[in-house]
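J.: Pasting a structure below so you can have a look.
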Amino acid sequence: VNKIKDFLLNLIFPKECVICGYEDTWLCPDCYQKIILVKSPTCPFCKRLTSKGEFCPTCRRKATLTGIMIAAYYETPLKEIIHNYKYKMVKDLSEPLADLLINHLQKFALPSNPLILPVPLHQKRLKEREFNQAALLGKKIADIFGLDFDDELMIRKINTKPQINLSGLERKENVKNAFLCINPQKVYKRNIILVDDVCTTGATLEACGVELRKYNARQIWGLVLARQ
Ligand SMILES: [Zn+2]
Ligand SMILES: [Zn+2]
């Protein structure tokens, strides 16, 4: 049935590479190869080299998160791919995008037995968008590595303004107290990986981290495709 559905959908909306238009795929291998990967992770604040994106000893004091793992650079073609995934709702792009994150984690060693949590969308936003782009990525990562995944543990209780036109300080204020962990026992002494598609200042990930830290989570990592 799914094959027939795919076939019919393909007649009405033919698949083509969102970058170059190559037929029968949303992202062709050539365009995927052009994504610029992060080879030397840095401290998310000061950009000093660190082994996998953890905060350096100086910046650690200002952060709740352990670090932010960033898989690639927000440049062509990745930024166009993310845009198609997020705003044009090309859901199938979650496959190659999750692969980027999976490859990154394979290179830079996971914290032991982490719980994978996507950054939640507010219910209203989820209805508009139909899927949580971060949850699809997180689920695929969890499946590949055989890890626990929970997309209901964290709730976005405030429908925050889009961060896009806000300054660093405004972003922090905007997402402060926006998140709620509804089952604290599940994070107690666990390593956590918070998955999102992109981050900018890291304020959203940090706000999730603050909530999880209340319940004694161990290491709390952010994991994103790129930094905007
Ligand atoms: Zn292409
Ligand atoms: Zn630093």
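J.: Helix 94-107: angle to the longest alpha-carbon principal axis of the chain, degrees 0 to 90, nearest 10?
T.: 50
J.: If you don't mind, another one. By the scheme Lys and Arg +1, Asp and Glu -1, what is the net charge of all other residues having a beta-carbon under 15 Å from that of residue 88? Could you put the intermediate results ahead of the total?
T.: Details: positive: 15, 79, 86, 91, 129; negative: 16, 80, 92, 128, 130, 197.
Net charge around residue 88: -1.
J.: Here's another thing I want to ask about it. Percent of accessible area on the chain owned by carbon and sulfur, 1.4 Å probe? Numbers along the way, then the final one.
T.: Working: 6600 of 12570 Å².
It is 52 percent, rounded to a whole number.
J.: With springs only between Cα atoms under 10 Å apart, run a GNM on the chain and tell me which of 121, 136, 11 wobbles the most.
T.: 11
J.: Arranged from highest to lowest average of other beta-carbon atoms within 10 Å per residue, in what order do the peptides 181-187, 64-70 appear?
T.: So the peptides 181-187, 64-70, ranked by packing, come out 64-70, 181-187.
J.: Using θ = phi - 60° and the Karplus curve 6.51 cos²θ - 1.76 cosθ + 1.60, what whole-Hz ³J(HN,Hα) does each residue of segment 151-158 get, with Gly and Pro shown as x?
T.: Once θ is set to phi - 60°, the couplings for segment 151-158 become 9, 10, 6, 9, 10, 8, 7, 10 Hz.
J.: Over segment 48-154, what is the mean sequence separation of C-alpha contacts under 8 Å (at least six apart), divided by residue count, expressed as relative contact order in percent?
T.: Over segment 48-154, the number comes to 24 percent.
J.: What share of the DSSP beta bridges in the chain is antiparallel, in percent to the nearest 5?
T.: Bridges in the chain are about 25 percent antiparallel.
J.: Could I ask something else about it? With a 1.4 Å probe and every protein chain left in place, work out the accessible area per residue of the chain in Å², rounded to a whole number.
T.: Normalised by residue count, the accessible surface of the chain is 55 Å².
J.: Could you tell me whether segment 64-173 comes out rounded, prolate or oblate from its Cα gyration tensor? Rule is a ≥ b ≥ c as square roots of the eigenvalues, rounded for a/c under 1.5, then prolate if a/b exceeds b/c, otherwise oblate.
T.: The shape class here is rounded.
J.: Order 26, 221, most accessible first, counting only protein heavy atoms with a 1.4 angstrom probe.
T.: Result of the area sort, largest leading: 26, 221.
J.: Where in segment 63-160 are there trypsin sites (Lys or Arg not before Pro) that are in a DSSP coil and have at most 13 other Cβ atoms within 10 angstrom of their Cβ?
T.: Details: sites: 79, 86, 88, 91, 107, 124, 125, 127, 129, 139, 140, 156, 157; in loops: 88, 157.
In loop regions of segment 63-160 (DSSP not H, G, I, E or B), the sparsely surrounded trypsin sites (Lys or Arg not before Pro) are 88.
J.: Please give the net charge around residue 67, taking every other residue with its beta carbon less than 10 angstrom from that of residue 67, where Lys and Arg add +1 and Asp and Glu add -1.
T.: Value of the local net charge: +1.
J.: Can you put 95, 130 in order of accessible area, largest first, using a 1.4 Å probe?
T.: Per-residue accessible area, sorted high to low, gives 130, 95.
J.: Report the antiparallel proportion of the DSSP beta bridges in segment 116-228 as a percent, rounded to a multiple of 5.
T.: 20
J.: Still on this structure, I have one more. Working from Cα positions, state the angle (0 to 90°, nearest 10) between the long axis of helix 203-213 and the longest principal axis of the chain.
T.: Its long axis makes an angle of about 50 degrees.
J.: Okay, next question. On a 0 to 90 degree scale, rounded to 10, what angle separates helix 2-12 from the longest Cα axis of the chain?
T.: The answer is roughly 70 degrees.
J.: Under the definition of Cα pairs under 8 Å and six or more residues apart, what whole-number percent is the relative contact order of segment 9-110? Write out the running numbers ahead of the final one.
T.: On the way: 121 pairs, mean separation 22.4, N = 102.
Relative CO of segment 9-110 lands at 22 percent.
J.: For segment 50-61, in order, what is each residue's ³J(HN,Hα) by Karplus, 6.51 cos²θ - 1.76 cosθ + 1.60 with θ = phi - 60°, in whole Hz (x at glycine and Pro)?
T.: 9, 6, 9, x, 6, 5, 6, x, 6, 7, 3, 5
J.: If R₀ is 22 angstrom, what is the calculated FRET efficiency for the pair residue 157 and residue 89, using the beta carbon separation as r and rounding to 0.05? Write out the running numbers ahead of the final one.
T.: On the way: r = 25 Å, r/R0 = 1.12.
The pair residue 157/residue 89 has a calculated efficiency of 0.35.
J.: To make sure I understand the rule: partners must be aspartates and glutamates, Cα under 17 Å from the Cα of residue 139, and not fewer than 8 residues away in the same chain. Which ones qualify?
T.: Output for residue 139: 92, 95, 99, 130, 148, 150, 151, 152, 196, 197.
The values are calculated or read from the model by the stated rules, or taken from the named source; none is laboratory data. Quantities reported herein were computed from a predicted structural model and do not represent experimental measurements. When we count neighbours, we look across all protein chains shown, and the Cβ atoms used for this are built from the backbone with ideal geometry, even at glycine. Quick note on the areas: whole protein, heavy atoms, side chains included, nothing else; ligands and nucleic acids left out. Shrake-Rupley method; radii C 1.70, N 1.55, O 1.52, S 1.80 Å.
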